Each structure stands twice: as C-alpha cells, then as structure tokens.
C-alpha cells in the first residue's frame, strides 16, 4: 500500500519529537524554537505546514501552536504552573505551617535541598524559594517530591466538618405543630405557648444552671435576646431540672440580665411536648406553632470541643430564612449538652388524632407544597383542603410506592441515620400519619385555627438576588409533541477577573418543557465542543425541583476571566408548542474559598443492551491515583434504567457501597449530597453499576425489540456516575512568592 507523502512527513515529525522527549538529548523547549522561525512564540502554518502535527499541540483550535500550548502538551510547566506546583508543595510539605521547609518535610533525600538552602541553616524560607523555581525551569518539576493532587487529611476533614450532627428534619418533627402547652413562669405567672407567639415567631431555649455546655452557651443566648426581640421574635427559657434550686436559677438570670420569661419545668410538660433531647437545644416556631428549626444554637461548643468563634449560626440563619419566606438551609441538628430523659417529639405529638389543619397541611408543606403550588413546577397544587381531598387516591399511591417525595437512595442497612444532607424521603411518622388520614373515611379537616401559616412563593430567585445573570443567546422553539435533540448554547461571560461562585440557580422560562440542563465552563481560548454527557464533568446542573445549589461556607466553584458558558439542554415537549429561554443566576463569594468543588464522570460508553433483557448489567470503573474527598453523587441513565450503584474497592480488597439506588427513576435526576465529605484513599477503585430493563414489562420502554447502545436521545441509553469532589485552593500568597 502506498503511503501519502504527507502522512510520512507527519510520522517522521512526531517520531523525531517523541524521540527527543524520551531521550532528553535535546532540550524539549528547543524543539519549539526550532520551528518558531520569527521568534514570536507562535508556530504558524507557514512555519510548520503539516496540519496533523499542529493539531496535536493546537489546544484552542486556531490553527497555530503557542509556546504555552506546546509546554502543556509535552509536560513542561509554564511559569504560572511552576508557581502553583511549588506553592502546593509548600502547602503540603510544611507540616507545622511555619512557612518554611525542612529536609525532613520534603522527604529527606531531595538532592537539591542543600543547593537551595543557601544559608545552610537546615531550612528553606520564602526568600530561597526563587532558587527552587530556577531549578524547576531548568530541570523540570520532576525534582519536586510527588504529592497527591488532593492533599486533604482526615484531620483536616474533621476540622471542616466538626460541630453538631445535621439531622433529617422530618425525623425530629420539623414542619409539625407544637402543642399549646400550659405552664407557669418562675414569677408565678400562668401562660400558654400561644400567648407568647408573636406574628414573627417564638424561640424556646432549653437551659441549665449546672450543665457545663449549657452554661457556656448562656452569654451568647443573652446577647441574642435583644436581637431576637428587635426581629419580632419572642424568647422563652426552659429549665428541665427539678434538682436545680430557684436560688441557683435566679442567680444565673441576674448574672446574664435576661428579661424573657423563664420556666422551671419541674413536671417536664414543656420539655416532653417539645421532645427536647439536651439542655442546650433551641426550638424556633412561627405564630401558628409550626416548628421550623430545632437543634444547636451554633457550633461553638460541644461535649469535647470548643472553638474561638462560631462558624455556623444555625438558629439565627433559620430565623432569617423564615422571615424571608425561605426554608432554612439547615433545619435540624443535634444539640451537644446534658442529655434529658424524655420521650421524643414524635412520640409526644402522635398521641393526638390526625386532622388536615393540624397535621396533613403541615406534612404537605414540609415535603410537597414547594413544588405543588399554583405556578410551581409540579402539575397541580396541594396547598388547600379541596385540592388535597380531590387527589387522595393519587397521593396515597405515590406515597405508598415511594415515588413521592422523590428520593431513591436505599436506607442504611444497619438502620442507622441517613448520611445524606438533602434526604427528601418522608419520615416514618409523617408517612404513617399521612396514610392514616388518606385512608380514613371522613378525612377530618379539624380546627381552622390550627392551620399553618401559608407559604409565600416568588416567581424569581430562591437563592436571593443574583450578582450576575446569564441568559441563553436565543429563545428555543419547543414543539408540542415528539422528541427534540439536545440543544447546545454557548455564551460569553465577558468577565475581566476570576470569580468564585458561592451559589447558582438555573431558572427556566417554561419549567414544564425543561427536563435537565448541564452547564460547562470553557476557559478563555479553549476550543468549544458540544461535548456529550459523560465525556467530562459539569459545572452546574438543573433537574426539576433541584435547579439551585448554595455551597457551604469555605466552598465555591470558579469561573475564570474571559470564560464561556455552554448549556446542554434536554427539552421535552409538553403537549403545547412553546418558546423557552432559561437563565442562570450567580452569587459571588466574598473571598476565595478554602476548597473548590469539581465534578468528574464515570461513564460506560460501550453499552450494548440486548432486546427484551429484563435485568441487563453494565458498568464502569476507575482506579484513583490520589486521595479523593467526595461530597456528592449524581447518577444518570435514561428510561430503561432500573437500578444504579456506586461502590469502592479499597487497596486492601475491602468493598463498600457508597450509594445504592434500587429503583432508578429517569424523571428525577437527583443529586445525593453527603453530610460529611468521604475520603476515598489513593489506590482505590470506584465502580458504578447500572441495571437496565429493556423488556416489555418496562412501560416506559420505547422499543423492547431493539439492541440499545449509547446515545443522547431518550430512546438511546447512557450510564454515567457523576462524582463531585473537593480540592484545596492554593492561597494567593503562596502562589506568588516571587
């Protein structure tokens, strides 16, 4: 076979380049300058006519090869990358955080150490790091010791996540009605809880004159008293101990100048009604006594820890969210303190008969109404008695089968607490009460005075007013019926500086036709490709009911200066022709975060699902070369997807299930956020497995006679396990120590 001269030339050029790189006989960067005839640090088509060779190095697709593109392709660090790698070494190796490196910290055998340690004091300080940079530029970054891509230790992880455990709201009575308990305060005045309720709400704080943790929180609680009153929130202090004398209590009240009512709950009527667990727990409920928050005041003190200042002000955040008609980001936590011998809130409140106004309306508000309201993304409203009673059979079916609220992660095998921060499943108590009412013959409506405050919704941003909004470049025509191919839309950000994003929200103009959206960020100069799902991670995502994300303190995502945003949109016709033009809102972080969030996919692109197969298994795996701290998962399949599982095989051979979805539902592409990041150690293998039902039993199956492979349309299939993980952000000071 005759080989074209152009192909022979390409092979020769690549062979010469490869030989030079391997042998190091020629300085790698000298190869670039050999072709850069005019010395402008760009190789043009005139200087290197062979297009195939240029294409290997041409990262931005402009037909030329810049010096930076060449350096990145052959593994030569640019000056900026050298700074980053060195800064990362300092961050990683400087174990005592004194800003200096010792020979022991860099591994002991670094031959360059003595040459860099110019004053021979056994340490490399910031002034001597310039010599390291010079060595890197001459010898390459191979002189540096190997360090993991993600240098997060278990100790650092504990520091990030220390504080009270986040609890599943429905399990501890959030959204339910607090009984109108009678009590007498320390001054002998009789009250009911309803007497204290202001238009804005009430905070009940458990306390003690002897419990050490409770005593530590008292100054903070005292300082919050006027702040709460100014916000229109009343405060009630409750002491559950009959063993603490009135003299001890009054001395404590005087020392902290409390003005609010104080109850010595010696009979534990209030304590039991609240289901209080410890002497530090606080409760916040509205004027209708609907519980919106319970747990720790903040995260400053615990049984075995204390920090200088609180990082999370749980109570104040919950109050602020409620006053803005929003759901608190954290609705319930454990409250470290002295444990109390009482029944739980669930046990106390289930003694009464279930009615619509007192119970069902609150269960629906907590779990359903934020989608099911007039103008919401759900197909009908569930915020009044008539609407609910008309749909009792539908509600009973979806609750019984576990379709609603949408949450598909399997419960913990050991029956332990859910590891998921965004677990939307009904609590056992809510499920039992709701089904009992739905199955009753009379559907008791109850006392209208017991009805909860109505929820107030906004047509705009749930994350608050964004700092920056980007809209699709045009409105897309959505046909009334049939399938639509994925749409790709790329827009310029025109950002003049890097931006750290602490929250985003994707807002469709026509919610009923947007199935899901993935957003990619392309750096300035990068070649824009319409990349299918699974070929890369995503920067942001939208699925019905889950289009916004607020990152925890210290975490953010980055959009570089000059970047472009690409939207991949899956439109699904709704029976009516429409025009749709969605937008994304971004909120900026006030400062650079400690950790950046990134996403990677595990994809099986070689799918081959036989016709009629009822439980066909496919999968993909990846061995990781660095410690990876995982924060969330998002599995993706199409209508034949039946089950999905994430697993990890550790270096010692032990296997652990990270996420099990025994019944996958294509209609809900949910993200599963861990309460605490989980470090997967270097050398582990992460595996994703999908089960597909291509049989006639699958009512959503478009064609059970077809062998199904990978494809972007709903009639095709995919298997992707997205993983969101965290990486440290190198401090600006270390990154620029020239």
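Values in this text are rule-based calculations from the coordinates and carry no lab data. Keep in mind that what you see is a predicted model, and the values were worked out from it rather than measured. Reconstructed Cβ throughout: ideal geometry from the backbone, glycine too, with neighbour counts over all protein chains shown.
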- Message: With just the Cα atoms defining each centre, how far is segment 630-706 from segment 184-203? Give it in Å.
- Response: 50 Å
- Computed lengthening from residue 656 to residue 324, 0.36 nm per intervening residue step minus Cα-Cα distance: 115.4 nm
- Task: Can you give me the P(r) profile for segment 536-604? Cα pairs, bins 5 angstrom wide beginning at 0, each as a whole percent.
- Result: 3, 10, 19, 23, 19, 12, 7, 4, 2, 0
- Note on the structure: Distance in Å, no decimals, from the C-alpha centre of segment 551-585 to the one of segment 361-406 is 27 Å
- Taking the Cβ of each residue in 630, 491, 166 as the centre, tally the other Cβ atoms inside 10 Å and list the residues starting with the fewest. 491, 630, 166
- Rank the residues 102, 481 as a footprinting-exposure proxy: fewest other Cβ atoms within 10 Å of their Cβ go first. 481, 102
- Message: Would any residue of segment 699-724 have its amide N under 18 Å from a label point 7 Å out along Cα→Cβ of residue 572? List them or say none.
- Response: 699-703, 711-720
- Message: I'd like the projected area of segment 468-592, averaged over all directions, using the convex hull of its alpha carbons. Report it in nm² with one decimal.
- Response: 7.8 nm²
- Item | Extension gain (nm, one decimal) between residue 210 and residue 266, 0.36 nm per residue minus Cα-Cα | 18.7 nm
- Message: I'd like the antiparallel share, as a percent to the nearest 5, of DSSP beta bridges with both residues in segment 169-342.
- Response: 60 percent
- Per principal axis, largest first, the Cα atoms of segment 598-728 extend in Å by 47, 27, 23
- So the FRET efficiency between residue 553 and residue 460, C-beta based with R0 = 35 Å and rounded to 0.05, is 0.90
- Item | Simple label model, 7 Å out from Cα along Cβ direction - residue 439 to residue 527, nm | 6.2 nm
- The simple spin-label model distance between residue 380 and residue 410, using points 7 Å out along Cα→Cβ, in nm, is 3.4 nm
- With all pairs of different alpha carbon atoms counted, what Kirkwood hydrodynamic radius in Å does segment 397-508 show? 20.2 Å
- Among 56-62, 558-564, the order from most to least packed when residues are scored by Cβ within 10 Å on average: 558-564, 56-62
- Task: Quick one: order 569, 330 by neighbouring beta-carbon count within 10 Å, fewest to most.
- Result: 330, 569
- Task: Any chance you could check the Cα centroid distance between segment 224-258 and segment 436-450 for me, in angstrom?
- Result: 38 Å
- Query: Rg/Rh for segment 670-711: what does it come to with C-alpha atoms and Rh from Kirkwood?
  - Reply: 1.18
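Could you give the length gained by full extension between residue 592 and residue 623, i.e. 0.36 nm per residue of separation minus their alpha carbon distance, to one decimal place?
Values: separation 31, 0.36 × 31 = 11.16 nm, distance 3.07 nm.
Full-extension gain reported as 8.1 nm.
Can you work out the FRET efficiency for the pair residue 509 and residue 287, with r the C-beta to C-beta distance and R0 = 30 Å, to the nearest 0.05? Walk me through the intermediate numbers first.
Values: r = 35 Å, r/R0 = 1.18.
Working from the Cβ atoms, E equals 0.25.
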